[in-house]
Amino acid sequence: MDQELFKEWSKELQFFNGYGGFSADGTEYHLLIKTDTQTGTPILPPSPWINVIANPDFGFTVSERGAGYTWSENSRENKLTSWSNDPVKDTHSEAFYIRDEDHMHYWSPCPGPVAAAALHRVIHGFGYSRFNLETNGLQQSLLQFAHTNKALKCSTLSLKNTTSSTQKLSVFRYLDRVLGVERSGSSRFVNQEVSADGTTLFACNHYNNEFAGRTVFSTLINPIDGAINRFSTDRNRFIGRNRSLGKPLAIESAKWLDNNIIYGGDACAALQTYFELSPGETVTLIFLEGETSNRVSAESMIREFSELIQVEAEFENIQTFWKDVVAKVQVSTPNKSLDVLMNGWLTYQNLSSRMWARTGFYQAGGAFGFRDQLQDATAAMYADPHICRNQLLLHAGQQFEEGDVLHWWHPPTGRGIRSKITDDRLWLPYVLEFYVTSTGDTSILTENVSYIHARPLEPNEHEVYLQPSTLSQNGSLYEHCCKAIDISLQFGVHGLPLIGGGDWNDGMNRVGEAGKGESVWLGFFLYDILIKYEKICRSMDDTARADHYALTAQELKVKLNENGWDGAWYLRAFYDDGTPIGSADNEECRIDAISQAWSIISGVASPQRGKQSLQALEQHLVSEKGKFIRLLTPPFNKTEKDPGYIKGYIPGVRENGGQYTHAALWTIKAFAAMGMGEKAIHYLNMINPINHSLDQASADRYKVEPYVIAADVYGEPPLTGQGGWSWYTGSAGWMYRVALESVLGIQFNGNSLLLNPAISENWEGFTVDLLLDDQVTKYHIAIMNPNKLQSGLLAGTVDGVDVLFGEAPAKILLNKDEKEHHVRLDIIEG
């Protein structure tokens with residue numbers, strides 16, 4: 001029966017690979033988890049395939065086994081349950097159990113920690129996960145989601161008795177109590193109380209630093225009259241000695257939980273509800289878990305969501321919220337795997353995991369990265385421009401009066417790393433220019449933001465973790481950006497920017513530790529910013545600064561082409577002693593992708609050199625067989641020179657010669673900028689995670705989730721083609737931007753829209769539907785390719801009026817008139 005159902009369900013899914021596939025509309029990923037008939041264990045994907053469910057201040061992760069963890073406000077510093085990044089065990093710190101009381105037989109409604117020998121259907125959607133199962137005479141459906149803006153996790157477990165006999169059941173909910181960074185260091189400080197009716201446990205840790213004194217709560221609501229509720233707070237008594245949550249002592253051998261509060265021990269929160277379920281009867285249990293400032297607030301929140309209708313209404317709010325977010329931009333191309341990612345999953349990954357949760361299975365960061373979330377915000381701008389605007393102001397507030405910035409910092413205190421990394425601060429003017437150009441909102445330039453202060457770094461210090469103070473001195477955002485640029489105008493003997501303690505590649509942190517090393521890539525990035533920011537300076541009547549930036553940019557361009565060119569491609573950097581990195585003469589790191597990509601993105605490279613650079617990149621860095629684009633090659637391994645901690649990664653892993661997807665997307669952006677649409681599409685397809693998991697063999701090799709982009713793909717045997725960190729990566733935002741802006745050629749420009757596609761000559765065309773920020777006006781854009789071109793000029797109609805654009809990009813005026821507009825254009829020869 002399960003095998004037949006498996007076949008039936010798999011036919012309903014797109015891109016089914018043996019483990020799972022997408023729903024027909026692409027908004028859900030369904031995993032179909034069978035049971036091994038010989039071992040009785042579930043047949044799981046090769047690594048945990050999770051969902052990151054969050055609002056801006058609260059959230060949780062959940063894997064296909066039902067494992068994961070929950071946090072509030074800071075996903076590292078204030079974990080409510082335990083985080084695990086063990087991809088083999090996928091350890092539970094939260095669990096559900098159902099027990100048949102007549103036979104003392106128990107299982108979980110998820111494929112873990114105690115999997116039932118039946119077919120599980122696990123659904124990851126935008127803002128929720130669902131687990132469906134039918135076994136032991138019960139239809140079971142577990143739904144989990146987080147509130148849109150409260151520190152509240154809601155779980156509903158629906159059970160229907162499909163037998164002809166009354167079933168006597170107990171349902172258990174288990175949670176680790178952490179209330180800190182990790183359980184081993186904090187659980188003994190957790191104090192707990194129980195409500196009068198025994199259905200709610202309250203917890204508090206007065207030693208939890210800035211989160212001390214808050215109230216964490218767990219409650220179970222059973223609407224059946226006569227239900228008996230019990231609890232336990234003793235982890236050792238619940239699990240038992242030398243046992244695990246896969247075989248907990250309390251569920252295996254005890255009729256009731258002990259109803260005991262412990263102090264100073266190994267704390268947990270375990271709830272039990274016993275009830276009888278008549279034939280054909282359905283019950284829905286509600287589990288509420290969250291954090292508030294005090295117990296009174298916790299009790300108020302529990303009352304607010306104590307009825308199923310209230311919980312269901314909030315779930316509808318979640319669905320509506322994400323539907324509205326992803327509806328702002330919808331694309332339809334000949335590449336359906338691209339459509340699935342573009343029409344929801346990339347935006348969801350970028351917002352839920354990167355900007356809000358700042359966590360994933362492989363890293364629980366919690367902190368804001370100065371460069372990281374600024375870049376993420378550029379993609380989030382398409383969902384809501386206010387997200388980008390607010391992020392700019394937040395990051396400006398982490399700038400020192402000297403102009404440098406915190407590399408990363410933890411909310412809410414602002415503790416963070418002051419470092420000598422040189423690119424962080426430059427992302428502030430980069431993103432500001434992008435935001436102002438895209439939205440036309442120049443008012444942000446004069447927003448005043450405070451500076452911070454802390455002791456300077458010593459000459460021998462790469463970085464230091466500290467608590468800066470906020471100064472009364474402030475400056476406009478324009479002034480903050482000028483400080484960031486001005487402090488970066490420090491050049492070495494080759495006329496290129498000093499690399500300091502590292503640039504975008506943090507792992508090259510010892511290339512310039514003596515203060516003389518230079519970065520070629522940083523030169524391209526700085527040039528791009530100087531050229532763009534000059535225009536902003538002139539709009540602010542800052543003529544002298546504009547002239548200075550323009551002249552510096554001209555001089556930098558000359559130096560990049562004179563001293564940064566290696567003969568067939570651009571160098572990556574120079575060590576303190578002047579030894580080049582990224583040269584044909586190097587035995588390791590002979591060529592680096594980001595220098596080639598940004599030479600074109602910035603406009604420094606001539607068309608001839610840009611073409612040469614991309615040819616070299618393809619020859620040395622692209623693996624067609626492995627389906628990845630290396631960051632650099634050969635990897636650092638035995639070189640006498642010490643570039644930094646990048647050399648600590650084994651060859652082919654992460655930045656050290658694997659695909660760093662961030663850089664691979666910049667490579668695709670460069671191909672599109674050169675008008676090479678065929679190659680841009682080809683490589684976009686190559687790195688698309690769906691195309692790494694089209695069947696079970698490829699999914700087993702790639703291992704990580706096919707519905708979100710991975711930060712890296714390993715590039716050396718025996719790990720070739722295996723995905724690395726998934727979810728928590730800036731690659732999601734960049735893939736969205738590169739696909740939309742560079743390939744489909746759609747960019748906002750104030751009250752106008754720029755169109756300049758670079759596509760495959762085999763594409764007949766594509767459409768993009770835009771909902772403007774007035775939430776009413778719509779633009780339906782159809783770009784057709786009758787002449788089988790990769791790029792070119794555009795001609796056609798705008799709202800029925802004939803148009804011919806004599807240059808690229810084409811520019812269309814946007815009218816926010818609450819109407820629908822239709823744009824149909826053909827790509828023609830330039």
Filtering segment 760-778 for residues that are open to solvent by 10 Å² or more (accessible area, probe 1.4 Å) and either within 29 Å of the chain's Cα centre (by Cα) or small (Gly, Ala, Ser) (or both) leaves a count of 9
Please go through segment 516-570 and give me each residue that is under 18 Å from ALA484 (Cβ atoms) and among the acidic types (Asp, Glu), ordered by number. ASP528, GLU534, ASP542
Pairs please, first residue from segment 121-149 and touching a residue at least 60 places away in the same chain (Cβ under 8 Å) and open to solvent by 10 Å² or more (accessible area, probe 1.4 Å), second anywhere and β-branched (Val, Ile, Thr) and part of a strand (DSSP E or B), Cβ atoms under 7 Å, 6+ apart in sequence or on different chains. TYR128/ILE53; LEU143/THR156
Pairs under 7 Å by beta carbon, first residue more than 11 Å from TYR19 (Cβ to Cβ) in segment 692-703, partner basic (Lys, Arg), six or more apart or different chains? HIS692/LYS627
Go over the candidates ILE239, ILE224 one by one and state the one that is of a type in the set (A, V, I, L, M) and without any contact (Cβ under 8 Å) to a residue 40 or more places away in the chain. ILE239
Kindly provide the set of residues from segment 242-281 that are within 24 Å of GLU182 (Cβ to Cβ), surrounded by fewer than 13 Cβ atoms within 10 Å (Cβ to Cβ) and not polar (S, T, N, Q), ordered by number. TYR263, GLY264
Number of positions in segment 97-115 that are open to solvent by less than 10 Å² (accessible area, probe 1.4 Å) and either under 33 Å from the mean Cα position of the chain (by Cα) or not hydrophobic (A, V, I, L, M, F, W, C) (or both): 8
Okay, strands (runs of 3 or more DSSP E) sitting entirely in segment 1-83 with 2 or more residues that are among the aromatic types (Phe, Trp, Tyr), I get 58-63
Quick one: ASP376 ticks every box in (1) open to solvent by 10 Å² or more (accessible area, probe 1.4 Å); (2) touching a residue at least 12 places away in the same chain (Cβ under 8 Å) bar one, so which box is it? (1)
Kindly indicate the residue of segment 779-830 that is of a type in the set (Asp, Glu), open to solvent by less than 90 Å² (accessible area, probe 1.4 Å) and part of a loop (DSSP other than H, G, I, E, B) and also nearest to VAL743 (Cα to Cα) among those meeting that condition. ASP799
Can you tell me how many residues in segment 292-346 are in contact (Cβ under 8 Å) with a residue 40 or more places away in the chain, surrounded by fewer than 20 Cβ atoms within 10 Å (Cβ to Cβ), small (Gly, Ala, Ser) and closer than 21 Å to GLY59 by Cβ? 2
Set GLU588, GLU534: member being more than 20 Å from LEU665 (Cα to Cα) and free of Cβ contacts under 8 Å to residues at least 24 places away in the same chain: GLU534
Residue list for segment 1-56, filter: farther than 25 Å from TYR728 by Cα, in contact (Cβ under 8 Å) with a residue 40 or more places away in the chain, open to solvent by 40 Å² or more (accessible area, probe 1.4 Å) and among the hydrophobic types (A, V, I, L, M, F, W, C): LEU5, TRP9
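Within segment 178-185, identify whether any single residue is touching a residue at least 60 places away in the same chain (Cβ under 8 Å), part of a helix (DSSP H, G or I) and either on the phi < 0 side of the Ramachandran plot or surrounded by fewer than 20 Cβ atoms within 10 Å (Cβ to Cβ) (or both), and answer yes or no. Break it down stepwise before answering.
From segment 178-185, those touching a residue at least 60 places away in the same chain (Cβ under 8 Å) are 178-183; that's our starting set.
The next check asks that each one be part of a helix (DSSP H, G or I); those that pass are 183.
Subset that is either on the phi < 0 side of the Ramachandran plot or surrounded by fewer than 20 Cβ atoms within 10 Å (Cβ to Cβ) (or both): 183.
Yes, that holds for at least one residue.
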With the structure loaded, tell me whether TYR660 is open to solvent by 20 Å² or more (accessible area, probe 1.4 Å) and touching a strand residue (DSSP E or B) at 6+ places or on another chain (Cβ under 7 Å) or whether it fails that test. yes
Residue set LEU530, LEU489, LEU526; condition buried (at least 22 other Cβ atoms within 10 Å of the Cβ) and either in contact with a Pro (Cβ under 7 Å, 6 or more places away or on another chain) or not in a helix (DSSP H, G or I) (or both); output residue LEU526
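Which is open to solvent by 30 Å² or more (accessible area, probe 1.4 Å) and in a loop (DSSP other than H, G, I, E, B), of GLY515, GLY495, GLY502, GLY507?
Result of the check over GLY515, GLY495, GLY502, GLY507: GLY515.
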Determine whether ALA593 is more than 16 Å from GLY495 (Cα to Cα), crowded, with 20+ Cβ neighbours inside 10 Å and touching a helix residue (DSSP H, G or I) at 6+ places or on another chain (Cβ under 8 Å). yes
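Confirm whether LEU471 is within 26 Å of PRO411 (Cβ to Cβ), surrounded by fewer than 17 Cβ atoms within 10 Å (Cβ to Cβ), of a type in the set (A, V, I, L, M, F, W, C) and without any contact (Cβ under 8 Å) to a residue 60 or more places away in the chain.
No, not satisfied.
Between ALA212, ALA196, ALA203, which is surrounded by 18 or more Cβ atoms within 10 Å (Cβ to Cβ) and of a type in the set (Gly, Ala, Ser)?
ALA203
The values are calculated or read from the model by the stated rules, or taken from the named source; none is laboratory data. Predicted model, so just to flag it, every value in this text is computed and none were measured. Backbone-built Cβ (ideal geometry, glycine too); neighbour counts: all protein chains shown. Areas reflect the complete protein model, heavy atoms only, side chains present, ligands, DNA and RNA absent. Shrake-Rupley method; radii C 1.70, N 1.55, O 1.52, S 1.80 Å.
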